[in-house]
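Here's the structure, in structure tokens; my notes come after.
The values are calculated or read from the model by the stated rules, or taken from the named source; none is laboratory data. Keep in mind that what you see is a predicted model, and the values were worked out from it rather than measured. When we count neighbours, we look across all protein chains shown, and the Cβ atoms used for this are built from the backbone with ideal geometry, even at glycine. Surface accessibility is based on the protein's heavy atoms, side chains included, excluding ligands, DNA and RNA. Shrake-Rupley method; radii C 1.70, N 1.55, O 1.52, S 1.80 Å.
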Amino acid sequence: MSDFSIRRFIARTVKAVALPLIAFGTASTAMAADIDFGKPGDPVKLVVGYQPYYTQSWSGVVMRGKKMYEKYLPKGSTVEFQVGLQGAVIVNAMLAGKQHIGYVGDMPGIVSTTKEKVADVRIVATLGLGTDQCNIFLARPDAPKFANAKEGIKWLDGKRVSVPKGSCTDRFAQAVFKKEKVEPAAYLNQNIEVITSQFRAGKLDAAVIWEPTASRLVQEGLAKRLASGATVNENDGGFLTMRADLIKQRPDIVKAWLNAELDAQLFLADPKNAMEVTALAAEQATGFTEKMLWASLYGKNPKESGGADTRVLLPFTITPDVSELISRATAFLFEIKSIDVPKLRAEAVMPEFAEAVLKERGLSSPIGKVVALDEAAYKGKQP
């Protein structure tokens with residue numbers, strides 16, 4: 001895809017995301033009615049929001065491409081997948097009753113559970129934990145070469161750094177600056193399109209961004225990796241969310257979907273499936289080469305720039321580490337006034353279904369992990 005086409009795609013993406021974000025506040029004025037999902041055992045019509053543009057949630061890509069849910073849902077059921085260009089878009093659709101299941105990052109997942117006056121949404125499983133999926137520092141291409149990632153972070157002191165504020169990247173950046181006593185000269189709130197154009201124009205020293213966009217910017221030569229959450233022991237995560245009316249009326253559907261989700265995560269973790277997962281992502285995401293997509297989930301990055309041996313850990317259920325991330329991210333969202341509670345209500349997180357599925361299938365958490373592979377393992381199309 002040409003540089004112009006990619007920029008045009010990003011522009012369309014930003015415009016599509018902006019309107020739902022603007023509308024988010026107005027949606028909270030009225031309580032959405034419960035949806036009728038039928039009785040246990042009946043066929044069901046599900047609408048699923050997922051993000052091929054957020055690598056850590058790619059079990060949704062596998063679910064759509066491989067149709068793993070067909071094995072478990074009642075006969076006659078239908079599933080419609082809708083692409084969310086950002087987690088907030090999926091949250092809005094779930095609150096409005098237009099989507100019933102959501103594949104989202106930790107920040108939108110947490111926010112969704114705090115809008116119960118609009119619609120009741122719960123976190124039911126973990127899509128993955130990582131240290132370099134949302135937590136990636138990129139620097140301008142001509143930045144100095146550093147002996148290690150910690151030196152790269154120190155270099156950010158007095159520099160111009162950009163993030164999409166309120167996102168997982170924002171939480172990570174602020175935590176790192178505090179931990180490493182770094183004070184950027186400017187800490188800018190910019191979307192992906194602006195960050196890309198600022199790197200291209202040489203007006204930005206660094207940014208914090210998520211995969212697969214991070215791999216795209218690096219492979220296009222617009223930026224280079226500087227550090228990641230692996231450098232400073234900071235993680236991020238993705239969550240599977242469901243509407244509470246679906247959970248209440250159709251526990252059979254919750255269990256069925258989680259069984260299929262478990263299959264998808266196990267498929268994702270097997271390195272033999274790396275190229276098939278990449279091909280599925282390439283079919284569902286626009287503006288990325290196969291190599292960019294492969295690198296975002298399976299590629300190995302140098303340790304001196306924050307490379308991690310495990311790209312994604314798969315707890316599946318809500319482990320103590322996941323609970324700690326939820327608590328930390330909730331506190332951050334409350335601090336920046338994105339939500340009005342410092343802690344989530346007890347029923348916001350429902351691990352019991354995922355735990356039951358693991359027990360029935362004789363598995364324990366974590367169910368696996370995506371291990372970083374050498375570049376020689378890539379067998380797809382060359383850019």
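What to note about this one:
- Those lysines that a straight Cα-Cα span of less than 21 Å connects to LYS272, excepting residues fewer than 8 apart in one chain: LYS66, LYS67, LYS291, LYS300, LYS369, LYS379, LYS381
- The range 267-383: C-alpha pair distances exceeding 16 Å, %: 71 percent
- Alpha carbon convex hull of the chain, volume per residue in cubic angstrom: 126 Å³
- If a spin label sat at a point 7 angstrom from the Cα of ALA186 along the line to its beta carbon, the backbone N atoms of the range 141-169 nearer than 12 Å would be those of 159-163.
- Cα gyration tensor shape of the range 42-106, rounded if a/c is under 1.5, else prolate or oblate by comparing a/b with b/c: oblate
- Solvent exposure ordering (accessible area, 1.4 Å, most first) of SER323, SER59: SER323, SER59
- Electrostatic dipole magnitude of the chain [Cβ: Lys, Arg +1; Asp, Glu -1; Cα centre; debye, to 20]: 640 debye
- Comparing SER57, SER162, SER365 in a Gaussian network model of the chain (Cα springs below 10 Å), the most mobile by mean-square fluctuation is SER365.
- By average C-beta atoms within 10 angstrom, highest first, the peptides 313-322, 209-218, 67-76: 209-218, 313-322, 67-76
- Counted over the chain, the DSSP beta bridges are approximately 60% antiparallel.
- Ranking PHE334, PRO43, LEU258 by Cα position along the charge dipole of the chain, where only Lys, Arg, Asp and Glu carry charges on their C-beta atoms, puts PHE334 farthest toward the positive end.
- Of ALA356, ALA274, ALA227, the one that fluctuates the most in a GNM where the chain has Cα springs shorter than 10 Å: ALA356
- Helical content alone sets the calculated 222 nm signal of the chain at -12000 deg cm²/dmol, taking -39,500 (n - 2.57) per DSSP H segment of four or more residues and averaging over every residue.
- Taking all protein chains together and a 1.4 Å probe, the residues PHE334, PHE137, PHE267 rank PHE334, PHE267, PHE137 from largest to smallest accessible area.
- THR196 contributes about 0 Å² of solvent-accessible surface, heavy atoms of the protein only, 1.4 Å probe.
- Potential extension, ALA147-PHE334 segment - 0.36 nm per residue separation minus Cα distance: 63.6 nm
- Taking the inverse of the mean 1/r over every pair of distinct Cα atoms in the range 111-155 gives a Kirkwood hydrodynamic radius of 14.5 Å.
- Among ASP106, ASP245, ASP132, the largest mean-square fluctuation in a Gaussian network model of the chain, built with springs joining Cα atoms closer than 10 Å, belongs to ASP245.
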